[in-house]
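Below is one structure, written out as C-alpha cells; comments come after it.
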Amino acid sequence: MDRSRERVAARADRRGAFPGQRNADRRTLRCHARGERHRPCPSKRAHHRRGARGHGRADRDRQDASRADREVIDRYRDDLIRLSREINADPELAYEEHRAVARIVALLEKHGHPVERNLAGLPTAFRARVGPAGPAVALLAEYDALPEVGHGCGHNLISMTIVGAFLLAAAKARDLQVGIELVGTPAEEKGGGKIDLLEKGVFKQSVAALFSHPGAGGKWSVSERLLGITVKRVIYEGLASHAAVSPEKGRNALTALIALFVAVDGWRQHLPSTARVHGIIREGGVASNIIPSRAVGDFGIRAAEMDRLKEMVGTFTDMANGAARQTNTKLTIEDEMRPYLPVVANPKLGDALAVELERQGKTPLRDHLVTASGDIGNVSQEVPTDYIGFPVSADEIPGHSHRMREASVSDYAHDSAFVVIDALAATALRVAIDKAFRESLRTSA
C-alpha cells in the first residue's frame, strides 16, 4: 500500500459515514488499496451472503410448499389408487356407469364434500363444488368403459386424477373468487355425456374446463389437438333369394356394403394426416345360402377442421349412393351418434399446465395432433379448455386395447396420475384466485 492510499484510509476511518461504518470503511479501502480484485471485499461478501440467504429462504419456502402438497396428496393416496383399481376391474358402458359413480360419490362424501346427483337429469352425472356460488372452474371426470376391452382407454385414471385434483384444490382453497367444481360426465366413448350437459346449461357459468387423458410411450403433453368426428350408420336393403337355386332373383345388400368399403379404402390413401375414415360391418346376412337382404355398417369420419369434416361427409355420401346404384339396393344413412367437435385448446391454460408439469420435472409436448376424438371438443368450443396427456407406461401401448387396460393400474400409471393431480389442482386454484389470469383466458382462445 502506498502512502497516499494510507492517508485516504486514515481520513475515511476518522470520518465514518454513520455509526458502525468506520471499521467497515477501513477494511474496504485497505482491501482496494491492496489491489484485491480477484474476490469480493468484506462488505460485498456480506451482501452476497445476504442474497444467498434470501435465495435460500425462497428455495426453502418452495420446498416447504411442495412438502405440504405431498402431505395433502398422501392423505388421499390410498383412496385414489383404490378408486382407480376398482373402476378398472368393474367396467360399465356408456350411461350405465352406476357403480363407478357410486364409488366416486362415496369417496367425495367420505372427505366431507356433498354431491349433487342426477345432474341435469342424467342418472350417472354428478357435481361437487367448493367456493362461492356462481362462476366456476370445471374439472371433468370420465368413467365409462369400452365393449370387450373394458377400461382399455384408461378412464379409471381420468376419474382418479380429476377426483384427486378436486380434493387437493379443495384442501388448499383460500380466498376463492370463483368456485371449483368436479363434474362427472358419462358416456364419452359413445353418446357424448358432455354434449348432454352442455345442452342443459351445466357449463353456462364455467370460466375454464380442465381435464386429463392417459397415453403411453413416456410422453407428457398439454394443448393436444383432437379431431372432430361424426359416425354414420349406412343401411342397404336388397332382396332375399336362394343363393344357389335363384341368385339372379336377389339383390345383395352385403355386396353394396362391401363396395362401399372398397371405395373408402381407395379414398383413404389420398387423405391427409389430419383426417381418418374407418368402419365396421354390423349386419351382413343370416345364412350363407340366402342372398343378404339387409346389410348395416358404421363409419367414423374424422377431421381437424369442421369445414373439412363436412366436405368429407359429402364425399362419403356420394360413395355410399354409388354403391347402392351399382347393386340396385336401397340406401339409408343415419347419424349413429352426435358429432364430437375438434378440440380448441386454450394457450393460456396450456402455459399454466406446462409450468406446473415442468416444476415436477416433466417436459410436455405442445399443440401436437392426436387423431382420436372426444366430447371434450364440444366443451372446448364453448369454454376455455385444456388438458394434460400423461403416460401409463414408458413403452408404446395402443389405446383401446387389453394392454392399455392392464397398464392403467400399474405403479407407473399411478405415479404419473399423482403428478397430474398436483398440476391440475394448482392450475384450477390459479384460475379461481387470479382475476387477471382468468380474464385473459377469454381473449387467448
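The values are calculated or read from the model by the stated rules, or taken from the named source; none is laboratory data. Quick caveat, the model's predicted, so the values are computed rather than measured. A quick note on method: Cβ atoms are made from the backbone with ideal geometry, for glycine too, and the neighbour counts reach across all protein chains shown.
At a glance:
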| item | result |
| --- | --- |
| Of all residues making up the stretch 384-433, the number that are over 19 Å from Val222 (Cβ atoms), polar (S, T, N, Q) and assigned to a helix (DSSP H, G or I) | 0 |
| Tally, over the stretch 331-364, of residues that are assigned to a strand (DSSP E or B) and loosely packed, with under 14 Cβ neighbours inside 10 Å | 3 |
| Hey, Thr317 under 39 Å from the mean Cα position of the chain (by Cα), surrounded by fewer than 17 Cβ atoms within 10 Å (Cβ to Cβ) and either over 24 Å from Gly399 (Cα atoms) or β-branched (Val, Ile, Thr) (or both) or not | yes |
| Residue match in the stretch 434-444 (condition: part of a helix (DSSP H, G or I), in the same structural domain as Ala138 (by TED's automatic domain parsing), of a type in the set (Lys, Arg) and touching a strand residue (DSSP E or B) at 6+ places or on another chain (Cβ under 7 Å)) | yes |
| From Arg430, Arg442, Arg405, Arg438, residue being among the basic types (Lys, Arg) and crowded, with 21+ Cβ neighbours inside 10 Å | Arg405 |
| Filter result (more than 45 Å from the chain's Cα centre (by Cα) and either β-branched (Val, Ile, Thr) or in the same structural domain as His151 (by TED's automatic domain parsing) (or both)) within the stretch 215-253 | Val245 |
| Residue among Glu116, Glu97 that is of a type outside the set (Val, Ile, Thr), closer than 20 Å to Lys200 by Cβ and either crowded, with 21+ Cβ neighbours inside 10 Å or touching a Pro at 6+ places or on another chain (Cβ under 9 Å) (or both) | Glu97 |
| Residue list for the stretch 208-242, filter: in a loop (DSSP other than H, G, I, E, B), of a type in the set (Ser, Thr, Tyr) and in contact with a strand residue (DSSP E or B) (Cβ under 6 Å, 6 or more places away or on another chain) | Ser223 |
| The stretch 130-142, residues that are under 27 Å from Ser408 (Cα atoms) and more than 14 Å from the chain's Cα centre (by Cα) | Val137 |
| Residue satisfying condition, being out of contact with any Leu (no Cβ under 7 Å at 6 or more places or on another chain) and assigned by TED's automatic domain parsing to the domain that holds Lys204, within set Gly154, Gly131 | Gly154 |
